[in-house]
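Input: a single structure, listed below in structure tokens.
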Amino acid sequence: MRNLRTQEEIMATWQGDPDKPVVSICCITYNHELYIEDALEGFLIQETDFPFEIIIHDDASTDRTADIIREYEAKYPKLIKPIYQKENQYSKEGFKFFFELLKSCNGEYIALCEGDDYWIDPKKLQVQIKYMQDHPGCSMTFHASNYVDAISSQLVKRHRNDTRSRSFSMDELILGGGGLVATQSIVFRSIVVRQPPDFLINAPVGDYPLVLAARLSGDVHYLDFTGSVYRMNNPISAMGKAQELSPALYVYRYSKIAAMLNEFNLATHGSYRRYVRLKSSQIILFSLLRAYKQLRFSQRKKLLQEYGNCLIVLHRLAAAIFIIPFMPDIFRVCIACRRFVIGFLKSTYRHTPCKSNRA
């Protein structure tokens, strides 16, 4: 445990009832023993004039994650409120457990950060909450984030959504997909999930539909500062596990995200049909293109037949063209025959003498 402020020092700047947190920090963790201290310390460096609580959900980790949390809980009992699961909830019901977890959050606002990511700006919460308190019509804020490699800890990229702070429209959020808003940068009003819509509850991911739900409730505002770090290439993360799926399951997983968008389209009575259709098609196309590399031609063709109706015309064409270079030997035979015929005709044309017009 690093040299951090004491619990009393953290709470000394708070105004209002310390038993009534303004913000609930919600952290989901599983087998993050290498990373969880960074997450906890990112929470504990926050300098605020309002009370906050740390709800940390350990999803039955099999490593030392829970032990590390207990060490911090013992030192910060008024701040850290852990939930230790005996069975892994994600494997039982996917992200549905997440919405049960949110019921444990007492704050008017909820800040997200998974156990393998962390915050780096001590004013992060203060800045986001101040903006949302000054702008009652804002239902969510997010900010820029650094992306680092989980293995090497090297900076991979700086994820900055714009060169200035601004609100994002619904079409931008739909087309931006799950990678637009860094999850660990999100702060939203708890009212957004008080009665979560079906497209949010049934989704195979949590952040993307949450952003859309927030935009239905009010503005989603980007604040142009870097306040967090996202770890890439972590095999334990949901994205890391997705990379290990078989090609067919990988496509199926992304088809469920497209299905979430279709549910969203129904919930909004088709108000964003054009953007939903385009993004759903992009998601399916992306997953198909990745899957094609690992499959035989017959398997690729089967996947394309199964999911082809989910694609717009241009994407269907792109998917069909993509499989051509990977066709079996018969395709190469056809190409060779074509080249032979063209070569033969050119040769015949060159060597055939011109007939004279004279008798």
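Values in this text are rule-based calculations from the coordinates and carry no lab data. Computed from a predicted model, the values in this text were never measured in an experiment. Every residue, glycine as well, gets a Cβ built from its backbone with ideal geometry; the counts of neighbours run over all protein chains shown.
Brief remarks on what is shown
- 3J(HN,Hα) couplings calculated from phi for the stretch 62-72 with the Karplus curve 6.51 cos²θ - 1.76 cosθ + 1.60 (θ = phi - 60°) are, in sequence order, 9, 10, 8, 4, 4, 4, 5, 4, 4, 4, 6 Hz; Gly and Pro show x.
- Restraint check, LYS20/LYS75; LYS20/LYS92; LYS96/LYS123; LYS124/LYS256; LYS96/LYS256; LYS96/LYS279, Cα-Cα greater than 25 Å: LYS20/LYS92; LYS96/LYS123; LYS124/LYS256
- With eigenvalues of the C-alpha gyration tensor scaled by 5 and rooted, the stretch 113-262, Å: 25, 21, 12
- Summing charges over all other residues whose Cβ lies under 10 Å from the Cβ of GLY42, with Lys and Arg as +1 and Asp and Glu as -1, gives -4.
- Extending 7 Å from the Cα toward the beta-carbon at both LEU216 and GLU9 defines two label points whose distance is 4.5 nm.
- Relative contact order (%) - criterion: Cα under 8 Å, at least six apart; region: the stretch 1-122: 39 percent
- The chymotrypsin sites (Phe, Trp or Tyr not before Pro) of the stretch 1-77 include none that DSSP puts in a loop with a beta carbon having at most 11 other beta carbons within 10 Å.
- Interchain or long-range residues, amide H under 5 Å from HIS32's placed H: THR65
- Between GLU93 and LYS157, the modelled label-to-label distance comes to 3.5 nm, taking each label 7 Å out from Cα in the direction of the beta carbon.
- Pairs of alpha carbons in the stretch 45-132 whose separation is greater than 23 Å (percent): 28 percent
- Annotation note: GluC sites (Glu not before Pro) in the stretch 36-135 located in DSSP loop regions with a Cβ neighbour count of at most 16 within 10 Å are GLU47, GLU87.
- Of interest is the spacing of the C-alpha centroids, which for the stretch 1-66 and the stretch 157-191 amounts to 24 Å.
- Cα-centred dipole magnitude for the stretch 146-215, charges only on beta-carbon of K, R (+1) and D, E (-1), debye, nearest 20: 300 debye
- With the simple spin-label model, which puts each label point 7 Å out from Cα in the Cβ direction, the ILE191 to TYR147 separation comes to 3.4 nm.
- Qualifying trypsin sites (Lys or Arg not before Pro) in the stretch 77-111, DSSP loop, other Cβ atoms within 10 Å at most 12: LYS86, LYS103
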